[in-house]
Amino acid sequence: MGVSELEDSSRLLDEKLLLFMDQLALLEEKRATLNSLIEQGWFSMSKARYSMGNKHVSALQYASEIEPLVSVHARTLDNGEVDFCTERVKQKCSNEAGKDARLIEDIGPQEEGVRRRIKPKKDITEKDAREEASSEKVPEVTPVRKGDQNPQQDPLKWFGILVPQSLKQAQSSFKQVIELSAEIATLQTAVLNTRQELKHSMKDKHILQEEASAAQLDKEAD
Amino acid sequence: MAGRGKLIAVIGDEDTCTGFLLGGIGELNKNRKPNFLVVEKDTSIAEIEETFKSFLARSDIGIILINQFIAEMIRHAIDGHMQSIPAVLEIPSKEHPYDAAKDSILRRAKGMFCAEDFR
């Protein structure tokens, strides 16, 4: 019985070791892809910087309010491993277009002609009021609608309305990097988990070996 | 709440942060601290370590991406992080390519084997 338990333990250990090696090999492969994609992204960004100018592709262009467009879900499995997966938020393109249309329509004074001013009524005639309204640049015109930044807008828009194709390629590369990062994070927890299991299996095997050798000694003594 | 995902944080040089922000991971609003740190030449190690620890303490961050050369500056803090969430991923930078021998996770996974383990 002791020998068969030892054999089972050794077999389990071999399987775990092979799994560990496979996971490490896969991790290395994904890492190489990740590093390659990141370098590709930098190269595209450098090309964009070359055409747009250094300061136009930098931290100076970050929006003042940003909402994340991608989130990661972490699910802990029964064996202690964690599964990470990314989810991308769908951007509201049609609403933005609608807002932009409204923005375009609303440029300029809402009211034509005389505007109300808080002034003494007795001294000013209606004609004077109209003249003032037409000649002065009114600072208090419409409520400011300076393209209010939508925090959920495509980050490409921080860098201008017309961005070079290289910047779009950079964005595409980094989007792939983000998805791959979640896979690598999952693999990392799997590798560490398998490593722990190997350690425990090794201890169990040593205990069984000691028991088996003690039993052998007892038999010989008899 | 069940459907709300976690954020991906990044600690890196300007190009790294710009790239990942282009990818859509950034969060910055008046109420909450940003989930990214642009490390420049004059950024102190204390600030980097404080930011890293603050990311670890936040329950809404699932993955932390960090340039490996920055990770080297706060290696003790990274080695001390044993939990699965948030996961810490070391990534290369323009001037410092990725070195697997320095990666905390891989060192933990590989470094403890000895000849006896394979008997």
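Below are the figures for this structure:
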| item | result |
| --- | --- |
| Residue check, residue B:85 aliphatic (A, V, I, L, M), in contact with a Gly (Cβ under 8 Å, 6 or more places away or on another chain) and closer than 30 Å to residue A:13 by Cβ | yes |
| Test: residue in the range B:26-35 that is open to solvent by 30 Å² or more (accessible area, probe 1.4 Å), at the interface with chain A (Cβ under 9 Å from one of its Cβ atoms) and not in a loop (DSSP other than H, G, I, E, B) | yes |
| Test: residue in the range B:40-57 that is open to solvent by 50 Å² or more (accessible area, probe 1.4 Å), over 30 Å from residue A:166 (Cβ atoms), in a loop (DSSP other than H, G, I, E, B) and out of contact with any His (no Cβ under 8 Å at 6 or more places or on another chain) | yes |
| Those residues of the range A:35-56 which are among the aliphatic types (A, V, I, L, M) and within 7 Å of chain B (Cβ to nearest Cβ), in sequence order | A:38, A:45 |
| Residue within the range B:75-84 that is crowded, with 16+ Cβ neighbours inside 10 Å and either under 22 Å from residue A:26 (Cα atoms) or among the charged types (D, E, K, R) (or both) present | yes |
| Of all residues making up the range A:203-222, the number that are open to solvent by 80 Å² or more (accessible area, probe 1.4 Å) and more than 49 Å from the chain's Cα centre (by Cα) | 9 |
| Qualifying residue in the range A:41-60 (condition: under 23 Å from the mean Cα position of the chain (by Cα), in contact (Cβ under 8 Å) with a residue 12 or more places away in the chain and assigned to a loop (DSSP other than H, G, I, E, B)) | yes |
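The values are calculated or read from the model by the stated rules, or taken from the named source; none is laboratory data. If you're wondering where the values come from, they're calculated on a predicted model, not measured in any experiment. Reconstructed Cβ throughout: ideal geometry from the backbone, glycine too, with neighbour counts over all protein chains shown. Protein only, heavy atoms only, side chains kept; ligands, DNA and RNA dropped before computing areas. Shrake-Rupley method; radii C 1.70, N 1.55, O 1.52, S 1.80 Å.
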